[in-house]
Amino acid sequence: MRRVLYNLKQALQQIGRNKGMSAASVFAITAMMLILGLFFILSVNVNVFTEVVKSDYDTVEVYLKDSTTEAQAAQIMEELKNLKGVSKVTYRTKDQAMKIMKKRWGDSGYLLNSLGSNPLPNSVLVKVSNLSAANTVNKTAVKNKGVENTTYYKQTIDKVTKITNTIQIGALVIMLFLVVVSIVVVSNTIKLTVFARAREIEIMKVVGATNWFIRGPFLVEGIVIGIISALISSGITYLFYGKLVAKAGVKLMTMLGSPLVPAGYLCGNLVVIFLALGIGIGACGSIISMRRFLEV
């Protein structure tokens with residue numbers, strides 16, 4: 001315990017002596033974590049949205065032309081109902097569709113009253129048991145002359161999945177670059193401390209101090225810088241994301257049909273990630289600096 005307190009005391013003193021470089025290290029790591037946090041929040045919420053969409057993949061909505069009569073609509077429904085994998089076929093009028101849209105818009109639903117006539121089409125909702133059946137329904141429906149278009153969730157799922165993968169790959173590339181930059185900055189900060197204490201280190205070696213006794217304060221210094229950066233990043237991320245959820249969470253849920261991940265849950269996990277990352281970056285920066293400039 002006495003050894004730990006000694007290393008911590010020395011580390012804090014070293015940070016105090018090199019305030020400028022220590023602040024630069026904290027700034028670099030904090031900036032990297034904030035960017036990582038942004039991509040993490042985007043990725044998690046897009047994944048939630050993707051799962052919500054996937055839960056509706058079993059529905060193909062077939063939009064009918066305005067000229068399609070009720071008799072023709074009935075024939076289309078019968079044709080689709082006989083397809084393999086179809087479990088249920090229902091008819092939705094344009095008035096029903098408008099009511100659903102107003103409900104999704106929430107408090108802003110009254111804006112739809114200014115449209116005058118209802119621009120939405122009548123449609124047929126086809127429930128299927130698997131994705132293969134949804135493909136068959138989609139291909140059969142678009143061939144019918146009474147059908148205007150279809151909404152097929154597979155297309156949406158593919159697009160959202162592609163966006164999610166792009167975000168994750170982009171986050172990984174940017175994170176790796178910023179991690180390297182942060183390690184270099186921390187390494188340079190520790191290097192200055194090593195140079196400043198070169199004579200003291202030589203004396204410690206002469207009197208028999210072990211390698212790890214000398215390395216300890218430098219390692220703790222890097223870890224402390226990483227922890228400070230992680231806490232600052234977590235606080236800023238929670239503050240801004242919490243405000244976003246409070247002010248726009250309901251509106252976004254209404255528009256997208258998917259809720260935002262609660263700030264407490266998401267940021268709680270992010271704190272753990274930030275701390276692990278900050279400690280790792282600080283420790284790596286210290287080790288690299290000591291290997292290059294501390295000959296013990």
- prompt: By counting other Cβ atoms within 10 Å of each Cβ, how are 147, 46 ranked from fewest to most?
  reply: 46, 147
task: Fewest Cβ neighbours within 10 Å first, please rank 199, 92 accordingly.
output: 199, 92
query: Fewest to most neighbouring Cβ within 10 Å: what's the order for 270, 42?
result: 42, 270
- prompt: Given 128, 101, 150, which one lies farthest toward the positive end of the charge dipole of region 58-152, if we put +1 on the Cβ of every Lys and Arg and -1 on the Cβ of every Asp and Glu?
  reply: 128
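Laboratory data are not the source of any read-out in this text; all were calculated from the coordinates shown. These numbers were taken from a predicted model, which means no experiment stands behind them. Cβ: placed from backbone, ideal geometry, glycine included. Neighbour counts: every protein chain shown.
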